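Below: the structure, in structure tokens.
Any read-out appearing in this document is the output of simple, stated calculations on the displayed coordinates, not a laboratory observation. Worth saying up front: this structure is predicted, and the values here are computed from it rather than measured. Methodologically, a virtual Cβ is constructed for each residue, glycine included, from the backbone with ideal geometry; neighbour enumeration extends over all protein chains shown.
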Amino acid sequence: MIESVSGIRQANTLESLRVMVTGANGFVGQAFCTEAIRRGLHIRGATRLPCNLPAGADSIVVGAIDGETDWTEALCGSDVVIHLAARVHKVRDTAANPLPEFLQTNLHGTENLAQQAAHAGIKRFVYVSSIKVNGESTSSTGVSSTNESGELGVFTESVKPNPHDPYAISKWQAELALQRVAQKTGLGIVIVRPPLVYGPRVKGNFVSLLKAIEKGIPLPLAGTHNVRSLIYVGNLVDALIVCATHPSAAGQTYIVSDGEAVSTSVLIEKIAHSLERPNRSFYFPPGLLRAVAALSGRSDQVDKLFGSLLLSDRKIRNELGWSPPYSLEQGLRATADWYLAQRAAVGYNRATL
């Protein structure tokens, strides 16, 4: 990971800070553990099943995360909780009514952990929520927003939450539950709402986009004029460490991002440059593409490609002095290098079979 330049005012306290991380084996969890250990934090990674964690992290298996999980051993001796584990959004969820399943982990599991953390004397509880709590979009393709400052089309912490799908609803309800726990116990809650996170080990649609560009597949997305905020995993990790240590963070909700929003077409261009591949995207009328998508049941995916999701991270910058240590270009380059290394490793393994 690229060397961080973000300042943490109380750097001398990091070497003695003991952090329990849920979801430590996940995409963000592994990146967090690696960087936190590099900075001298003591890390205990909690996972559902036995697994390998980054070198230097203590591992503990807690099983399924719900309202009955026993966190006693995981919390023992810890100062801070970074709660990353969650039931994530699945495009093809087979449950007739998936909301209860999301609530079981994301609401009840989170509330149970916070209550036990307060009882165990934990000082700070950093919860990674989602920008989807605010809504799906800041453009006409989705939910438009106006904040208290009168800024149209920008999500801030002051925008009224408008979660749509079961995942977002469960995240919002978890935020409310954490606020109730904090009021009753005094637990120092910090809520962080990131947009799409990318970086080495990324999965889902972002890695599919990398694959398509690397293979030279023409994409009908040239000329898009939307704006979307993203966050590189290294920037998110840095923000989480600041939220875990800064005295002014307790009781606050923060939106985080790379600070540079881009259109889908510009993102594709930058990814192609990072992969050292030609940009083969072409213009296709958005209205016609949406019509085709509607026939195939993929309207939501096309709306995200053409819609905007613009965030303001002004609050965390002003209150905590945080700024993203990595640029969008640095983040995309690190992601592309990881992706190409994985492709090369797969090719080598196949050649030696």
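Across region 213-218, computed HN-Hα scalar couplings (Karplus, 6.51 cos²θ - 1.76 cosθ + 1.60, θ = phi - 60°) run 5, 5, 7, x, 6, x Hz from first to last residue, x flagging Gly and Pro. Computed over the Cα atoms of region 12-352, pair by distinct pair, the Kirkwood hydrodynamic radius stands at 21.0 angstrom.
Put simply, the amide H of E260, placed in the peptide plane, has neighbours under 5 Å in L230, leaving out anything fewer than 5 places away on its chain. Just check region 181-222 against the gyration tensor rule for me: Cα atoms, a ≥ b ≥ c as the square roots of the eigenvalues, rounded for a/c under 1.5, and otherwise prolate or oblate depending on whether a/b exceeds b/c. Note, shape of region 181-222 comes out prolate. Remark on S59: its backbone amide H falls under 5 Å from those of G45, a criterion applied only to residues 5 or more positions apart or on other chains, H modelled at 1.01 Å from N. Scanning residues 5 or more positions from F125 or on other chains, those with amide H under 5 Å from its amide H are V81, G188, I189, V190, with H placed 1.01 Å from N in the peptide plane. Annotation: average projected area of region 209-338 is 9.0 square nanometres, based on the convex hull of Cα atoms across all directions.
For region 155-219, the extents of the C-alpha atoms along the principal axes are 55, 24, 21 Å, listed from largest to smallest. Listed peptides 222-229, 312-319 appear in the order 222-229, 312-319 once ranked by packing, highest mean of other Cβ atoms within 10 Å at the front. Listed here are the pairs K171/K270; K160/K184; K160/K270; K132/K211; K132/K215; K171/K203; which of them are more than 28 Å apart at the Cα? Those over the limit are K171/K270; K160/K270; K132/K215.
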